[in-house]
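Here is the structure we will look at, set down as structure tokens.
The values are calculated or read from the model by the stated rules, or taken from the named source; none is laboratory data. In this text, all values refer to a predicted model and were calculated from it rather than measured experimentally. Ideal geometry is used to build each Cβ from the backbone, glycine not excepted, and the neighbour counts take in all protein chains shown.
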Amino acid sequence: MSNLPYIVGNWKMNGLRAMLTEARAIDRSAARYPKAQVALAPPTTLIFRLRDACAVIGVGGQDCHSEESGAYTGDVSAAMLKDAGSDFTIVGHSERRAIHGETDSTVKAKAEAALAAGLGVIVCVGETEDERDAGKALKIVSKQLDGSLPKGEGVAERLTVAYEPVWAIGTGRVPSIEDIAAMHQSIRKTLDKIYTDAGSDIRILYGGSVKADNASEILAVSEVGGALVGGASLSAESFLAIVGAACAEIDD
Ligand code: PEP
């Protein structure tokens, strides 16, 4: 497991072939930032093309089905993502949980399928605004981790956790630095409990309105091991500014 800051772009349902220009620009510049691990999760239709076009960055899916194959119209299995050239997949993004009704156990099954297919996996967790306002954020996220994370030998090495407060995604709002720190400490404790020694190497990404102008401050927080970036990953310029901030953080 790398301990470099991990900066992952989630393109969500954005990107036609023309977006390969951005991916190529990101890939070219990533070669100049060896102190960060950079990856993109484009829509499934572009995975194969990104794999072909990019030499340095990781390429991954945004979701996978928990079954390997079968009568699941419109779904994509982890084995298919792998076959298309993916290195990893995201599972449990709050948009999947909210729009597609995915529960912790669905997310766990998907994460297990991803690992079984030989992929790395980024498991997303995060509280809603009501849960935060009610003072339940730490408890809710800890419960999500307990229910969503795959367990067992060798899992920790291929696992990344992304903390993404639902209310911060795509809104331009971010938690205070103190709240990010408290949440990441709490997630670390849960990972240590579940994976014992191996838990300390699992990177915990922060996600939710990360931009060039707040990346340095967020990435400097203890236990923040990188960022999961939505909107700002759609242009090479804004995404690379975040990658640059991650590397500057190491140099300081
Ligand atoms: C995301 O969707 O994972 C995300 C963090 O989005 P944004 O950066 O746009 O808030």
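Return the residues of region 228-246 that are among the hydroxyl-bearing types (Ser, Thr, Tyr) and under 19 Å from Ala162 (Cα atoms); say none if nothing qualifies.
Start the filter on region 228-246 by keeping residues that are among the hydroxyl-bearing types (Ser, Thr, Tyr), which leaves 233, 235, 238.
The answer is Ser233, and nothing else.
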Being in contact (Cβ under 8 Å) with a residue 12 or more places away in the chain, more than 20 Å from Gly9 (Cβ to Cβ) and in contact with a strand residue (DSSP E or B) (Cβ under 9 Å, 6 or more places away or on another chain) is true for just one of Ser105, Ser94, Ser66, Ser86. Which residue is that?
Ser66
Pick from Gly154, Gly170: which is exposed (fewer than 15 other Cβ atoms within 10 Å of the Cβ) and closer than 20 Å to Ile194 by Cα?
Gly154
May I ask you to list the residues in region 175-228 that are away from the ligand (no atom under 16 Å from the Cβ), part of a loop (DSSP other than H, G, I, E, B) and among the hydroxyl-bearing types (Ser, Thr, Tyr)?
Ser176, Ser222
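To keep it simple, each residue is scored yes or no on (1) within 24 Å of Thr106 (Cα to Cα); (2) in contact with a helix residue (DSSP H, G or I) (Cβ under 9 Å, 6 or more places away or on another chain); (3) among the hydrophobic types (A, V, I, L, M, F, W, C).
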{"position": "Leu145", "(1), (2), (3)": "yes, yes, yes"}
{"position": "Ser148", "(1), (2), (3)": "yes, yes, no"}
{"position": "Gly152", "(1), (2), (3)": "yes, yes, no"}
{"position": "Glu157", "(1), (2), (3)": "yes, yes, no"}
{"position": "Ile169", "(1), (2), (3)": "yes, yes, yes"}
{"position": "Ile180", "(1), (2), (3)": "no, yes, yes"}
{"position": "Met183", "(1), (2), (3)": "yes, yes, yes"}
{"position": "Asp192", "(1), (2), (3)": "yes, yes, no"}
{"position": "Tyr195", "(1), (2), (3)": "yes, yes, no"}
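Scan region 70-106 for residues that are out of contact with any Phe, Trp or Tyr (no Cβ under 8 Å at 6 or more places or on another chain) and on the phi > 0 side of the Ramachandran plot and report the count. Give the derivation first.
Filtering region 70-106 down to residues out of contact with any Phe, Trp or Tyr (no Cβ under 8 Å at 6 or more places or on another chain) leaves 70-83, 86-106.
Filter once more, so that each one left must be on the phi > 0 side of the Ramachandran plot: 70, 74, 92, 101.
Total satisfying the criteria: 4.
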Taking region 207-220, which residues are buried (at least 16 other Cβ atoms within 10 Å of the Cβ) and not small (Gly, Ala, Ser)?
Val210, Lys211, Asn214, Ile218, Leu219
Given Leu46, Leu81, Leu50, Leu40, which one is closer than 22 Å to Leu149 by Cβ, aliphatic (A, V, I, L, M) and buried (at least 20 other Cβ atoms within 10 Å of the Cβ)?
Leu81
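Can you find a residue in region 67-89 that is outside any loop (DSSP other than H, G, I, E, B), modelled with pLDDT of 95 or more and within 16 Å of the ligand (Cβ to nearest atom)? Talk me through it step by step, then tell me what you get.
Looking only at region 67-89, we keep the residues that are outside any loop (DSSP other than H, G, I, E, B), and these are 77-83, 88-89.
After this cut, where a residue has to be modelled with pLDDT of 95 or more as well, the list is 77-83, 88-89.
Now restrict to residues that are within 16 Å of the ligand (Cβ to nearest atom): 88-89.
Yes, the conditions are met somewhere in region 67-89.
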